[in-house]
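The values are calculated or read from the model by the stated rules, or taken from the named source; none is laboratory data. This one's a predicted model, so the numbers in the text were calculated from it and none came from an experiment. Heads up, the Cβs are rebuilt from the backbone with ideal geometry, glycines too, and the neighbour counts pull from every protein chain shown. Please note that ligands, DNA and RNA were not included when accessible areas were found on the heavy atoms of the full protein model with its side chains. Shrake-Rupley method; radii C 1.70, N 1.55, O 1.52, S 1.80 Å.
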Amino acid sequence: MLLNAIIVNCLTYLKTAYLLRLSLSKSSKSTLLVGSLTLFSRLLGFWRDVLIARYFGVNLATDAFFAAFRFPNLLRRLFAEGAFSQAFVPILMMYKAQHNAHEFQEIIHKIATYLTLFMLVMTFFCVMIAPILIFICAAGFNWQSQQHELATQLLQIMLPYGFFITLTAFMGSILNTHSQFAIPAFTPALLNIAMIGATFWLIPYFEQPIIALAVGVFIGGALQLALQLVALHQLRLLPKLQRNFQNSTTQRMMKTIVPTVFANSATQINFLVNTLIASFLVTGSVSWLYYADRLLEFPSGILGSALTTVMLPKLAQNYTNQEPDKFSQTLDWGLHLIALLGIPATIGLFFLSEPILSVLFGSTEFTAYDVHACAQALSAYALGLLGFLIVKVLTPAFTTCHLHAVAVRYAWICLAMNLILALLLVQYFAHIGIALASSLATSLNALLLLIFLWQKQLYKPLKNWRVLSLQILFSSVVLTETLRYFSHFASLSAFYLVKCVILGGASYFAGLFLSGYFYIHKTDDNF
């Protein structure tokens, strides 16, 4: 069932291992460690989604769950996948460099207390207004209908996840500040494990089976926080709640968090807007977009989150030490990897969307019609994958340089463009138009961020980009033609998918080899 996903990502990691020569750069090793643990979590996530598709199919109940799950899923993406860390890590790194260990631990205690109290109040408030939140997220559900009431109940069960994941992300930021990447990278897997366990063992205990998934989300959040606390306790970094937690440093940090998180979350908020618009379409549209989004998360989570996690402390260190050249080189290193791996991933998702979805999710409950509709959305989402990865890599530079206002302005532009395009395109392409609007808006956001950094001389592309671009372009054309040729013999089978992945990967490698990539580009030991 997961053989194809495993093969796809094993090939990706073999390629990454070869290109980075594994034994050289410490940052490359950290990236591979984080990426490998993220890969493990993503495989579990695939298994989770396969079970949901095969146990529940596509219907009113799944649309209600996915609409309600958008809120905890948004928080998971913001906090567990780096946006929250991007706000905290540069500040913590700077504070750690300027103060002794005791003062650093004191500020950790105060921030932990502040976040705990704030999230307790917010969670209670959101539980009380859950019906309104569902109306905002999925206005297409009739008010007080059975579907709206079910979605509200599911949301109320899952809302405490926001409390858990916020504190989990903060604890993970502390670990990342001390170059402890493994535990925070593994933590997301616990949510998938809890939801899989709930699907197997808790369904019989509920009259409405879909409620078991919501309980699994609650349990997963508690497990994630518990793991961070154990790790911090072992390192003697465990925060303690304090009565006097307000001071100028805490307030300054909190004021920085909101714009930074928002700047990092534009793409995630776009997905929330997409759910709102999709709720007005035919039954199944919300679910189709969710599954397509989940497939997009795989390469974006593995590569984007891994790079962001490893680059962020390095960028903060370069900025604090006033090393602009190394700061630019760090960004260049990340963009190099994105171009090298993100472009073939985009091509693969675009051409193989239907076989992937059929093999992973196809069943009597998830019909061929569902596979086709979902594949159309995935192809549209795939067009924005490169933009999404670029945003993930470049936004930490804005956070580190305290350019929050600029990043937030571009985020607003991205949101406005997504909403306008979605409303226009949905009239002609239904749910496909929603996915396409998201891809275009995210690509614009990436372009604006890149141009700004280049104009301000914060990022200076290395001279080898012209040659690199031609080499990747040549290899991508070879990959595209290979997949187009075999699309004439398309079948929605596991054998066909495995064959396309192997031959596609081999053709891309061959293109890189023939263009001289492995000879010209060597791993940068300085990073």
Original post:
FRET efficiency for TYR369 and PHE206, Cβ-Cβ distance as r, R0 = 22 Å, nearest 0.05?
Top reply: 0.20
Subject >> Förster radius 45 Å - calculated FRET efficiency between GLN455 and LEU229, Cβ distance, rounded to 0.05 >> reply: 0.55
Subject >> Computed E for HIS402/GLN146 - FRET, C-beta separation, R0 41 angstrom, nearest 0.05 >> reply: 0.25
**OP:** Pick out, in residue order, every one of the chymotrypsin sites (Phe, Trp or Tyr not before Pro) in the stretch 101-187 that is DSSP loop and has at most 16 other C-beta atoms within 10 Å; say none if there are none.
**Re:** TRP143
**OP:** Count the net charge of all other residues whose Cβ sits under 14 Å from the Cβ of PHE452, scoring Lys and Arg as +1 and Asp and Glu as -1.
**Re:** +3
**OP:** Measure out, as a whole number of angstrom, how far apart the alpha-carbon centroids of the stretch 376-416 and the stretch 115-167 sit.
**Re:** 26
Original post:
Which value, in Å² and to the nearest 10, is the accessible area of THR309 when all protein chains are kept and the probe is 1.4 Å?
Top reply: 40
**OP:** Report the label-to-label distance for GLN322 and PHE513 in nanometres (one decimal), using points 7 Å from each Cα along the Cα→Cβ vector.
**Re:** 4.9
**OP:** Run the quick spin-label model on ARG466 and GLN427: label points 7 Å from Cα toward the beta carbon, then report their separation in nm to one decimal.
**Re:** 4.6
Subject >> Net charge of neighbours whose Cβ lies under 15 Å from the Cβ of SER469, counting Lys and Arg as +1 and Asp and Glu as -1 >> reply: +1
**OP:** Report ³J(HN,Hα) in whole Hz for each residue of the stretch 126-134, in order, from the Karplus equation J = 6.51 cos²θ - 1.76 cosθ + 1.60 where θ = phi - 60°; Gly and Pro get x.
**Re:** 5, 4, 5, 9, 3, x, 5, 4, 5
Subject >> the stretch 327-441 shape via C-alpha gyration tensor axes, a/c threshold 1.5 >> reply: oblate
**OP:** Tabulate in residue order the Karplus-calculated ³J(HN,Hα) for the stretch 224-241, using 6.51 cos²θ - 1.76 cosθ + 1.60 with θ = phi - 60°, rounded to whole Hz; enter x for Gly and Pro.
**Re:** 4, 5, 4, 5, 5, 5, 5, 4, 5, 5, 5, 8, 6, 10, 5, x, 10, 6
**OP:** Please turn the phi angles of the stretch 272-283 into ³J(HN,Hα) values with the Karplus equation 6.51 cos²θ - 1.76 cosθ + 1.60 (θ = phi - 60°), one per residue in order, whole Hz, x for glycine and proline.
**Re:** 5, 4, 4, 5, 4, 5, 5, 5, 8, 8, 5, 4
Subject >> Exceeding the 22 Å Cα-Cα cut-off - candidates LYS314/LYS392; LYS96/LYS392; LYS96/LYS456; LYS326/LYS392 >> reply: LYS96/LYS392; LYS96/LYS456
**OP:** Give, in nm to one decimal, the length gained when the segment between MET122 and ALA506 is fully stretched (0.36 nm per residue of separation minus the Cα-Cα distance).
**Re:** 133.2 nm
